[in-house]
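Peer 1: One structure, as structure tokens, below. Some questions next.
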Amino acid sequence: MTTLREIQARVGVAADGVIGPKTLDAIAVALGMSVTRRPSATITSFVRKTEALEKKRGDGRVEAYLPTADDVPTIGYGSTGPDITMGLIWTVEQCEARFAAQFAQFASAVDDLLGAAPTSQGQFDAMVSLTYNIGVKAFRESTLRRLHLEGDYAGARGQFARWNKQAGKVLNGLTIRRAAEAEFYAGAAA
């Protein structure tokens, strides 16, 4: 009979005898199965909270705004895009629907960009949160992603702190968010 440690060694993960997300993903990939990662409820709640439902009006609707002078028009829970313009007003329900759709798209993009790389739930969650904020192109080209794919998890974790600027200026809110994402990545956030 083959032991779990032997299987772990065969699929290229730490042979620690513990069945966790990395082991399960690696076994699935070794068996030719596709692994579709999904963001946890914890990270979804975290992103909703950090993005907040800004610019809620007295009538309960939400209007587009510029988060900073160097930003793009944004509405609801950090939603941006060519259809978001200053003066746009949405209901809370529209904001909720847009967030759900966009967050799922970002999660899918991160999943695709990680491919078969062993990735824990916390790592995946942290990278989805980051990508929702910086965009898919920036994540695709990031050193953080490259280091993760190379298995340099400590190096990748350290990269979160580098994404705390907008137009060259350090923003306190981004510094706090990146520190929290680094903790999610390390598996230390709950």
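Peer 1: Filter the stretch 39-65 for residues that are under 22 Å from the mean Cα position of the chain (by Cα) and part of a loop (DSSP other than H, G, I, E, B); which is surrounded by the most Cβ atoms within 10 Å (Cβ to Cβ)?
Peer 2: PRO39
Peer 1: Scan the stretch 12-27 residue by residue and report those that are assigned to a helix (DSSP H, G or I) and surrounded by fewer than 16 Cβ atoms within 10 Å (Cβ to Cβ).
Peer 2: LEU24
Peer 1: Continuing with the same structure: Which numbered condition trips up THR36, out of (1) over 18 Å from the mean Cα position of the chain (by Cα); (2) surrounded by fewer than 13 Cβ atoms within 10 Å (Cβ to Cβ); (3) on the phi < 0 side of the Ramachandran plot; (4) touching a residue at least 12 places away in the same chain (Cβ under 8 Å)?
Peer 2: Just one mismatch for THR36, condition (1).
Peer 1: Would you mention how many residues in the stretch 147-172 are part of a helix (DSSP H, G or I) and closer than 14 Å to LEU130 by Cβ?
Peer 2: 9
Peer 1: Turning to a different aspect of this structure: For the structure I just gave you, tell me whether ALA30 is surrounded by 13 or more Cβ atoms within 10 Å (Cβ to Cβ) and more than 17 Å from ARG98 (Cβ to Cβ).
Peer 2: Considered against the rule, which asks whether it is surrounded by 13 or more Cβ atoms within 10 Å (Cβ to Cβ) and more than 17 Å from ARG98 (Cβ to Cβ), ALA30 comes out as yes.
Peer 1: Which condition from (1) charged (D, E, K, R); (2) assigned to a loop (DSSP other than H, G, I, E, B); (3) touching a residue at least 40 places away in the same chain (Cβ under 8 Å) is the one that ASP83 breaks?
Peer 2: Of (1) charged (D, E, K, R); (2) assigned to a loop (DSSP other than H, G, I, E, B); (3) touching a residue at least 40 places away in the same chain (Cβ under 8 Å), only one is false for ASP83: (3).
Peer 1: Report yes if some residue within the stretch 84-97 is touching a Lys or Arg at 6+ places or on another chain (Cβ under 8 Å) and of a type in the set (A, V, I, L, M); otherwise report no.
Peer 2: yes
Peer 1: Run THR131 past the list (1) touching a Gly at 6+ places or on another chain (Cβ under 8 Å); (2) under 21 Å from ARG157 (Cα atoms) and report the number of the one that doesn't hold.
Peer 2: (1)
Rule-based calculations on the coordinates, nothing more; no lab input. All values derive from a computational prediction rather than experimental measurement. A quick note on method: Cβ atoms are made from the backbone with ideal geometry, for glycine too, and the neighbour counts reach across all protein chains shown.
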